[in-house]
Each structure stands twice: as structure tokens, then as C-alpha cells.
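The values are calculated or read from the model by the stated rules, or taken from the named source; none is laboratory data. Since this is a predicted model, take the numbers as computed values, not measurements. As a convention, Cβ positions derive from the backbone with ideal geometry for all residues, glycine included, and neighbour counts pool all protein chains shown.
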Amino acid sequence: MVITKSRLVLGATAVTLSTIAVTGLGIHSRGQALFKASPKELVDEVWQIVYRQYVDGTFNQVDWQAVRKEYLDKSYTNQEEAYKSIREMLKKLEDPYTRFMDPEEFKNMQVDTSGELTGVGITISQDEETKQLVVIAPIEDTPAFKIGILAKDIIVEIDGKNTKGMDTNEAVSLIRGEVGTKVKLTILRDGEKKVFDVTRARIEIHPVKFSEKQTPAGNLGYIRLNQFSANAGKEMRDAIRKLETKNVSGYVLDLRGNPGGLLFSSIEIARMWLDKGIIVSTINRQGEKEREVARGRALTTKPLVVLVDKGSASASEILSGALQDNKRATIVGSQTFGKGLVQSVRPLTGDAGLAVTIAKYHTPSGKDINKHGIDPDVVVDLTDAQREELWLKERDKLATLADPQFAKAVEILGRQATDNSVNTNNN
């Protein structure tokens, strides 16, 4: 089955953070339509995909052939036993981003990437070293966001169940539930435990919000991008075009707390700001590179500042990295999350799915941001207390001069406008 550009995904929303290339997501393959695999055939199907595609040819120093023999020598009486063995098998890779999804989990992932989800509104990942569940970012205006959960919070308990070593699929199944019901999340933040009773809801994500801002630097266009969902590109294009009719002098693009989404969307949006240059490179097991580039169709060339923080992840890092390396924008804020691994998500027989790490990505200048993130051009760090106050308690101050990161963006755009004016006069 061909992997098409339009089905590339970054960050399985509310499951785990990674870069994902989706193969035929939501479409049954011909094999699926004709038969339902036996449990042992499903185990081998997963093994074969990892064998052919996994990014590390040593399988993280695991004897993958011996693993196949171990698990195919077992007897299976039902699919649940196969699911358990598959998860055990994949755990040997010690890669939290290579994961099996049973039919319900796989269906949930498809819903997530469509721009609507049911749950509390957080994106989570498992820390590769500590094996703790970490909040990448709460999705804006969702129950988790409103109640005060923050990026980098560690989830230590879900309804009283300890999460140490728990994989993200299990965590998601515990956190999700019927709309209107509650889930108790025990969070570790700066060494202190906090308990949140969060009410589940159906969450429809509107990725783009925009407005004009009258500032000391002039009339600026402010665009807030919450997530790279299926309709983010269209909404971003509409926002830029409408703001261009208002004759704004520059733009602030706010990616703070944006956990990622569709890769195609991040590339599409990068092309709205860039006329030329590389956007992102992916490197596979053979060391081969695939590059996405701008196409000379930028919607505006006006000055741009991008706001980021530790909740800006994956697709956000691709976009901000592309704009930074091509010197199209000034990046302001805090160091970003740091996720640069690429996964392929495959439908399996029986309606299950598999995400397998197949590559990593680099920014245009060749930087590997995995576990590090994007370093802002201008660092303006906020404490958790400042972020909580700004994003939750006094939202009316967000994207105003009382917002330190936005204020710095205004200062930079004002300085650029002055420099441009001087240069024009000198000419």
C-alpha cells in the first residue's frame, strides 16, 4: 500500500508524541476484507513489519530473529492472547513510540487525527528513560486545560492506579470514557503532587484563532495555532488572507502548547510563510533522506515572530525549525519539547493497528532535535506559576503586552519595522 503525503501524521493526539507516516489509515486492505488472520498470523504480521521497517537495523541490540521464534512457538487460542504477546514483543525494543493498537485503540487514533476526540484533552507520552507518563500539552479550551493541567506534568496515578511503566495505550484507555464522567489524575509537578478530577467531554478542535492587535509596533496580525489537525491548513490560509486585507505590518504566530498533528498540515503551513528553502528532512534506516521544500507560494513576506514553549512539540517543531533555519522568522519563548522520531502507522488484519519507528527528522540546517527541541532565538522563559496565571487565571492578558513572550515579539517586530524604515530612507 502506498504511503501518500496527505496521510502523514505528527503526534497521535492524546496517545503519544511522535512523527508518524500513516499508511492507509482508516481503510481496510484487501487482505483484511478477505479473511481474519489467526492469532499467530497477526503476531507474525507485526514481527514482519518491524523487521522490514524499524529505523535501527540492530533492533536496539535485540535478536529479532530469536524474538520471532519465541513468539511463534507459542500457542494462541484467541486474539487477546496474541495482543498480549505482541505488546511483550514490542516492549523488547525499548521504544515507547513503537506500539500496537487493538481495534478500539486504532479507531480512537483515527478519530483523533480527524480533529475531534473524546476525553479530557491532553497529549501524553512515555518518557524514554524514566518510563513515566508525561503531559506534552493540554489542548486549549478542553477540560484538562481549564482545570489547570500543564505541559511536562507527570501523571503518576489514573483513578488511583500507579502509572509507573504503563504504556500510553493503557493510559489512554483509562483516561477516556463516557462524556460527562470523571477521571482522577494525580500529577507530579516540581516535586509536588496535585490531584485533578477531570470531567470527560467530546472535544472538537478548532485549530486556528486570529485577530488584529493594535500595538506600539503597529497593527499586527496575531494567529494562534492549537494543533495541526486536518483543517488547520485551510483555516491558516483564511486567517493570513483576511489579515492581509487589514494591512497588518507583521505577524505573531503562536505555537505555545501546540502538541503536533498532521505532518502534511505542518508542511502546508510552512509553505504559506516560505517562498523557498527546505522545510524538513527525514532519514531512514538506510540513511536515505527525503526532503520537503517550499514552492514559491508564500502568502506574505511580512516580518514574523513565532512563539514557542515546552509544550510546542513535533509538527510545531518542524514548522518553527523550518522558519528559523530559513531565517524567515524570529523564534521567541522557551525551549520546545524535543520529539524528532518518525513512525509509520499500519492497519493490521482484524482492524488493529501498529505504529513503528521508521526514521527521524532533521530541521533544514541538519539539526536533530530529538530529546532537545528547538532553541529560541530570543529566550523568554515563564515559570509554571506564570504560565498557569497567564493561560488559566487571567486569559484576557494572553497575547497582550502583559504577556511577556508576546510583548517581546512586539518589541522585535517594532525594531524590525524601524530598521526597515531606516534602510528604505537610506536608499
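Some notes on this structure:
- Just one residue in the set 226, 284 is surrounded by fewer than 24 Cβ atoms within 10 Å (Cβ to Cβ) and either touching a residue at least 40 places away in the same chain (Cβ under 8 Å) or β-branched (Val, Ile, Thr) (or both); that residue is 284.
- Taking the criterion of being surrounded by fewer than 24 Cβ atoms within 10 Å (Cβ to Cβ) and either modelled with pLDDT under 95 or touching a Cys at 6+ places or on another chain (Cβ under 8 Å) (or both), the residues of region 247-266 that qualify are 247, 264.
- In region 139-170, the residues that are surrounded by fewer than 23 Cβ atoms within 10 Å (Cβ to Cβ), at pLDDT 90 or above, out of contact with any helix residue (DSSP H, G or I) (no Cβ under 8 Å at 6 or more places or on another chain) and not in a loop (DSSP other than H, G, I, E, B): 143, 147, 154, 156, 157, 162
- Of all positions in region 237-260, at least one carries a residue that is in a helix (DSSP H, G or I), under 23 Å from the mean Cα position of the chain (by Cα) and without any contact (Cβ under 8 Å) to a residue 40 or more places away in the chain.
- Residue that is nearest to residue 333 (Cα to Cα), among those in region 370-401 that are of a type in the set (D, E, K, R) and surrounded by 14 or more Cβ atoms within 10 Å (Cβ to Cβ): 381
- Region 340-351 residues that are at positive phi and buried (at least 23 other Cβ atoms within 10 Å of the Cβ), paired with ones that are modelled with pLDDT of 85 or more and aromatic (Phe, Trp, Tyr) (beta carbon under 9 Å, 6 or more apart): none
- Of the residues making up region 282-314, those that are of a type in the set (Asp, Glu) and touching a Ser or Thr at 6+ places or on another chain (Cβ under 6 Å) are 290, 309.
- Being buried (at least 18 other Cβ atoms within 10 Å of the Cβ), at pLDDT 85 or above, assigned to a strand (DSSP E or B) and under 16 Å from the mean Cα position of the chain (by Cα) is a property that residue 136 lacks.
- Matching residues, region 200-215, being modelled with pLDDT under 95 and surrounded by fewer than 16 Cβ atoms within 10 Å (Cβ to Cβ): 202, 204, 206
- Residues satisfying the stated conditions in region 155-173, i.e. closer than 26 Å to residue 388 by Cα and touching an Asp or Glu at 6+ places or on another chain (Cβ under 8 Å): 163, 172
- Options 240, 175; residue that is within 30 Å of residue 102 (Cα to Cα) and buried (at least 21 other Cβ atoms within 10 Å of the Cβ): 175
- Test set (1) free of Cβ contacts under 8 Å to residues at least 60 places away in the same chain; (2) charged (D, E, K, R); (3) not in a helix (DSSP H, G or I) - residue 317 fails condition number: (3)
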